[in-house]
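Encoded as structure tokens, the structure appears first; notes follow it.
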Amino acid sequence: MPRTSRRTSVFTESLIREMSRVAARHGAINLAQGFPDWDPPAELVAAGKEAMDAHRHQYAVTWGSPELRGALGAKLARFLGTPVDAERELVVTCGATEAMMVAMMTVCDPGDRVGLFSPFYENYRADAILTGAEPVLVPLHPPHYRFDPDELRRAFASGLKAFVLCNPSNPCGRVFTREELLQIAALAEEHDVWVLTDEVYEHIVFPPHRHTYFCTLPGMAGRTLMCSSLSKTFSITGWRLGYVHAAPDVIAQARKVHDFLTVGAAAPLQHAVVTALNFPGSYYDGLSAEYASSRDVLLGYLDQTGLSYTRPEGAYFVMLDISPFGYASDVEFAHWMTREIGVAPVPGSSFFSDPENRYVRLNFAKRPATLHAAGERLLRLRR
Ligand SMILES: Cc1ncc(COP(=O)(O)O)c(C=O)c1O
């Protein structure tokens with residue numbers, strides 16, 4: 001038989017999705033894969049049902065229905081504080097997952113170098129490899145996950161074509177400060193680098209931290225491909241709706257990539273989600289407040305275990321230090337924890353470029369009852 005491609009042999013299946021399967025096998029509470037265990041807002045579910053009667057069963061406009069782009073453009077303009085041309089500056093994708101792939105393929109050629117912070121959301125390395133680009137890793141140093149400006153400068157000076165910025169960050173929960181983002185912006189300008197942002201957690205930020213949209217920094221609108229999603233904001237991870245926002249000439253290219261990858265996102269769901277994009281500002285404040293209280297429930301239990309963790313500033317993950325258990329492999333620990341404690345985490349090593357076995361990631365996108373049940377089990381980790 002002929003060989004399958006070399007590029008698909010150099011990365012493994014997602015460890016996050018794998019841990020969900022392990023959780024199911026052991027009947028464990030799944031704090032591995034990050035998705036809410038509650039329903040989306042009732043109006044949105046109703047709009048989803050109505051969409052089936054609204055004759056939206058055929059392909060929508062490839063780059064997103066005009067109604068959805070209009071609503072998305074208006075919502076974005078509100079949060080960015082700048083006008084958004086929904087006709088020329090947006091392409092609707094099948095989730096931020098496709099948005100990031102589209103963004104990378106739009107700006108990178110095979111052989112180009114793409115900078116990533118490590119730890120990183122595991123899709124980015126696969127995106128780079130599938131594009132034929134070479135990932136260049138810049139460490140975020142635990143436990144506070146700050147970058148060293150000299151290390152960042154060296155990476156940019158090594159000849160990057162693009163830099164990927166996940167903010168708020170999965171897995172480490174950082175919300176980068178305006179000063180940090182300005183440092184990245186200055187390097188992008190100096191070395192003429194595209195910045196691909198993944199801002200799917202833009203509305204899950206815990207005070208006093210504040211989210212700064214990278215494209216709003218001086219000079220950055222033209223070199224940013226902002227990727228985001230409706231998955232997390234409206235608790236609809238299964239609807240697969242995301243987008244890229246960038247300058248018109250960039251979006252013209254991105255639309256071609258998107259068209260040939262997927263043609264378009266599900267037409268009835270594009271129609272339905274317009275309802276959510278018209279929610280008032282209080283919806284977004286409520287979302288962050290709810291996640292803050294979920295975070296506090298989980299951290300309350302972790303405090304009782306005596307284990308160290310990094311307090312998340314945004315997103316819905318916490319990195320837990322498992323070094324006191326003395327496991328050589330965090331994967332082995334994660335399997336043990338799923339089996340014996342009954343709570344499934346993700347081994348931290350799946351997010352780091354260097355061998356790193358000290359952490360597991362837990363997510364708190366769960367109802368209070370689920371988090372209390374998981375918390376009671378986690379108390380068995382007490383030293
Ligand atoms: C940082 C980050 N980007 C993208 C995604 C996927 O988003 P979507 O559901 O829009 O494809 C996730 C999902 O966990 C994520 O954590």
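None of the figures in this text is laboratory data; all of them are computed from the coordinates on show. Because the structure is predicted, anything quoted here is derived from the model rather than measured. Methodologically, a virtual Cβ is constructed for each residue, glycine included, from the backbone with ideal geometry; neighbour enumeration extends over all protein chains shown.
Which value in deg cm²/dmol, rounded to the nearest 500, describes the helix-derived mean residue ellipticity at 222 nm for the chain, given -39,500 (n - 2.57) per DSSP H run of n ≥ 4 and division by the residue count?
-12500 deg cm²/dmol
Straight-line cross-link reach from Lys75 at under 16 Å between alpha-carbon atoms covers these aspartates and glutamates, not counting any fewer than eight positions away in the same chain: Glu67, Asp85, Glu87, Glu89, Glu199, Glu202, Asp285. Each Lys or Arg adds one and each Asp or Glu subtracts one; over the other residues with Cβ under 12 Å from the Cβ of Gly73, this totals 0. Would you kindly give the portion of the calculated P(r) for the chain that falls above 38 Å, as a percent of all Cα pairs? In whole percent, the share of Cα-Cα pairs in the chain beyond 38 Å is 17.
Take the Cα radius of gyration of region 247-383 and divide it by 2.2 N^0.38 Å, N being the number of residues; the result is 1.40. The Kirkwood radius of region 54-277, taken over pairs of alpha-carbon atoms, gives through the Stokes-Einstein law at 4 °C and 1.567 mPa s a diffusion coefficient of 74 µm² s⁻¹. For Met100, neighbours were defined as the other residues whose beta-carbon sits under 13 Å from its Cβ, and their charges (Lys and Arg +1, Asp and Glu -1) total -4.
Considering only DSSP beta bridges whose two residues both sit in the chain, what percent are antiparallel, to the nearest 5? Intermediate values should be presented prior to the final figure.
Details: 19 of 40 bridges.
If we restrict to bridges inside the chain, about 50 percent are antiparallel.
Sorted from longest to shortest, the spans of the Cα atoms of region 1-92 along the three principal axes equal 46, 39, 34 Å.
The residues Thr4, Thr275, when put in order of fewest to most other Cβ atoms within 10 Å, stand as Thr4, Thr275.
Springs join every pair of Cα atoms under 10 Å in this Gaussian network model of the chain, and among Ser231, Ser323, Ser350 the largest mean-square fluctuation is at Ser323.
For the chain, excluding the exposed loop sites themselves (GluC sites (Glu not before Pro), DSSP loop, at most 14 other Cβ atoms within 10 Å), the longest remaining stretch covers 88-383. Measuring between their Cα centroids, region 22-49 and region 184-231 lie 28 Å from each other.
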